[in-house]
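Colleague: The structure that follows is given in the form of structure tokens.
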Amino acid sequence: VQLQASGGGLVQAGGSLRLSCASSGTTFTANSFGWYRQAPGKQRELVAVISLGGRTTYADSVEGRFTIYRDIVKNTVYLQMDSLKPEDTAVYYCNYKRSWDRAEYWGQGTLVTVSS
């Protein structure tokens, strides 16, 4: 399993970014993909998850502003981030959880910086 995250960058508050997580060796059936983030000095936290049947879950702090979705043909999961706030600044990580053996994989992080 390989996960390649991209799309981070510097954006002003109120702006938008789209993160991509290109995967190989993965399947969308009965497994889940997620985005997590870690701000300086803080623990890694869940941002959004897309799981079986396309069901999505979001952290309260991003609900209504972020959207997680997938392109099954491209084996890619996206995180559309709108109305960004300085507190969204963090390194964002792509995550894949395989249900049958509970294996978990992480992509490298991509840095998102939101300026005020």
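Colleague: Note down all Cβ pairs under 6 Å where the first residue falls in segment 86-111 and is closer than 15 Å to residue 42 by Cα and in contact (Cβ under 8 Å) with a residue 40 or more places away in the chain, the second is open to solvent by 70 Å² or more (accessible area, probe 1.4 Å) and aromatic (Phe, Trp, Tyr), and they're at least six residues apart or on different chains.
Modeller: If the second residue must be open to solvent by 70 Å² or more (accessible area, probe 1.4 Å) and aromatic (Phe, Trp, Tyr), the pairs left are 93/106.
Colleague: Can you spot a residue in segment 56-72 that is open to solvent by 70 Å² or more (accessible area, probe 1.4 Å), without any contact (Cβ under 8 Å) to a residue 24 or more places away in the chain and among the aromatic types (Phe, Trp, Tyr)?
Modeller: Yes, the conditions are met somewhere in segment 56-72.
Colleague: Here's another thing I want to ask about it. Considering only residues that are aliphatic (A, V, I, L, M) and in contact with a Cys (Cβ under 9 Å, 6 or more places away or on another chain), look in segment 37-94 and name the one that is farthest from residue 14 (Cα to Cα). Spell out the reasoning first.
Modeller: Within segment 37-94, the subset aliphatic (A, V, I, L, M) is 39, 46-50, 52, 59, 62, 68, 72-73, 77, 79, 81, 84, 90-91.
Those left that are additionally in contact with a Cys (Cβ under 9 Å, 6 or more places away or on another chain): 77, 79.
Working: 77: 23, 79: 16 Å.
The extreme case among them is 77.
Colleague: For segment 37-51: of the residues being out of contact with any Ser or Thr (no Cβ under 7 Å at 6 or more places or on another chain) and in a strand (DSSP E or B), which is least open to solvent (accessible area, probe 1.4 Å)? Let's see the steps before the verdict.
Modeller: First, pick out the residues of segment 37-51 that are out of contact with any Ser or Thr (no Cβ under 7 Å at 6 or more places or on another chain): 37-38, 40-47.
Now drop any that are not in a strand (DSSP E or B), which leaves 37-38, 45-47.
Working: 37: 16, 38: 63, 45: 80, 46: 63, 47: 1 Å².
Once the filter is applied, the top-ranked residue is 47.
Colleague: Restricting attention to segment 5-36, which residues are in contact (Cβ under 8 Å) with a residue 12 or more places away in the chain, open to solvent by 30 Å² or more (accessible area, probe 1.4 Å) and either of a type in the set (Phe, Trp, Tyr) or closer than 22 Å to residue 101 by Cβ (or both)?
Modeller: Residues satisfying the conditions are 24, 25, 29, 30, 36.
Colleague: Let me ask something else about it. Just one of 112, 91 is open to solvent by less than 50 Å² (accessible area, probe 1.4 Å), closer than 15 Å to residue 4 by Cα and either of a type in the set (A, V, I, L, M, F, W, C) or touching a His at 6+ places or on another chain (Cβ under 7 Å) (or both); which is it?
Modeller: Within the list 112, 91, the selection yields 91.
Colleague: For segment 14-54, give me the residue count where each residue is over 19 Å from residue 65 (Cβ atoms), in contact with a strand residue (DSSP E or B) (Cβ under 8 Å, 6 or more places away or on another chain) and of a type in the set (Ser, Thr, Tyr).
Modeller: 5
Colleague: Can you say whether residue 105 is open to solvent by less than 40 Å² (accessible area, probe 1.4 Å), within 16 Å of residue 37 (Cα to Cα) and either among the small types (Gly, Ala, Ser) or outside any loop (DSSP other than H, G, I, E, B) (or both), as far as the supplied structure shows?
Modeller: Details: open to solvent by less than 40 Å² (accessible area, probe 1.4 Å): no; within 16 Å of residue 37 (Cα to Cα): yes; either among the small types (Gly, Ala, Ser) or outside any loop (DSSP other than H, G, I, E, B) (or both): yes.
No: the conditions fail for residue 105.
The values are calculated or read from the model by the stated rules, or taken from the named source; none is laboratory data. Small disclaimer: the values here were computed from a predicted structure and weren't measured. Using ideal geometry, Cβ is built from the backbone for each residue, glycine included, and neighbour counts are taken over all protein chains shown. In case anyone asks, the SASA skips ligands and DNA or RNA and just uses the protein heavy atoms, side chains included. Shrake-Rupley method; radii C 1.70, N 1.55, O 1.52, S 1.80 Å.
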